[in-house]
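This report concerns only the one structure given below.
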Amino acid sequence: MILKNVDPKTPDRSPTPIRLGTSPDYFDVFALPRLKPNDFACVVTFGEPRELHTLLQSGMLDAVISVAKPTVRALQYRILGEKRYDLIGPASNKPKKPVRKLNDLANWLKHQHWVGYSVELPNTRRFWQQAFGLRLEAQLRFVVPDLRTVVHAVEQGFGVSIVPDFIGNPAIAQKRIVEIWPIQDLIPPDHWTIAFRELGTDRPSIANLVKALTLPAGQ
């Protein structure tokens, strides 16, 4: 703790922290760069949407950001934006022949190891069904429940993966990984939502948070 000499007559103008629940990878990669230019103070809780919504409903949190919409009337939500997906792989493991058709892509992917956020691979299964009309055929090699580590594992050559674009696009731009095939239009997007209690609908801190998270990073 750092103690400062403060005039007791001077009011404390430091912002009141907003108690925010979300996932660690979203907060680290997407939210932090957008909150930096703003006068925000946050107390952050990481967890699954259902448990975070329970904390929100009980008054332990002020807002929850996730792709799960709240299911109780006492909670309201607003859509922050779309959550789309990237099909990524290590730069050292591109297809040897140009992939020109989805059939070529399917045949190549069947022989690749996969890195997943969970053993269920819901987004990968959805992509396989939407793009190829087939049940998933995947060699799952590495599972870790943190998208930052998933991207790092792909970068290290553990396999290919499907990740949200908020975490895939920066790594692609930095040439840490490559985009194997554009799949944004092959998987229906999810929507990032911010949930809050009905009584907090008009709170300035909620409105400011929404504004910050819908702007490009650094603005």
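The values are calculated or read from the model by the stated rules, or taken from the named source; none is laboratory data. Remember, it's a predicted structure, so these values are computed and weren't measured experimentally. Backbone-built Cβ (ideal geometry, glycine too); neighbour counts: all protein chains shown.
Test Gly59 against the stated conditions and say whether it is under 21 Å from Glu155 (Cα atoms), in contact (Cβ under 8 Å) with a residue 40 or more places away in the chain and among the small types (Gly, Ala, Ser). In short, no.
Counting only residues that are surrounded by fewer than 20 Cβ atoms within 10 Å (Cβ to Cβ), acidic (Asp, Glu) and closer than 22 Å to Pro216 by Cβ, the range 17-75 holds 2 of them.
Suppose we keep only residues that are under 23 Å from Val144 (Cβ atoms) and among the acidic types (Asp, Glu) within the range 15-70. Which one would you say is nearest to the chain's Cα centre (by Cα)? Within the range 15-70, the match that is nearest to the chain's Cα centre (by Cα) is Asp25. Looking across the range 109-134, the residues that are out of contact with any helix residue (DSSP H, G or I) (no Cβ under 7 Å at 6 or more places or on another chain) and in a loop (DSSP other than H, G, I, E, B) come down to Lys110, His111, Gln112, Ser118, Val119, Glu120, Leu121, Gly133.
Of the helices (runs of 4 or more DSSP H) entirely within the range 135-219, those holding at least 2 residues that are within 15 Å of the chain's Cα centre (by Cα) occupy 147-155, 165-173.
Which of the residues belonging to the range 170-189 are surrounded by 15 or more Cβ atoms within 10 Å (Cβ to Cβ) and over 12 Å from Leu87 (Cβ atoms)? Listed by number, the residues that qualify are Pro170, Ala171, Arg176, Pro189. Selection of the range 111-167 for residues being of a type in the set (D, E, K, R), loosely packed, with under 14 Cβ neighbours inside 10 Å and closer than 18 Å to Ile180 by Cα yields only Glu137. Within the range 1-53, if we keep just the residues that are part of a loop (DSSP other than H, G, I, E, B) and of a type in the set (Gly, Ala, Ser), the residue that is modelled with the lowest pLDDT turns out to be Ser14. For the range 96-108, the count of residues that are closer than 25 Å to Pro145 by Cβ and not in a strand (DSSP E or B) is zero. Every listed requirement among (1) assigned to a helix (DSSP H, G or I); (2) of a type in the set (S, T, N, Q); (3) in contact with a Phe, Trp or Tyr (Cβ under 8 Å, 6 or more places away or on another chain) is met by Gln76 save one, (1).
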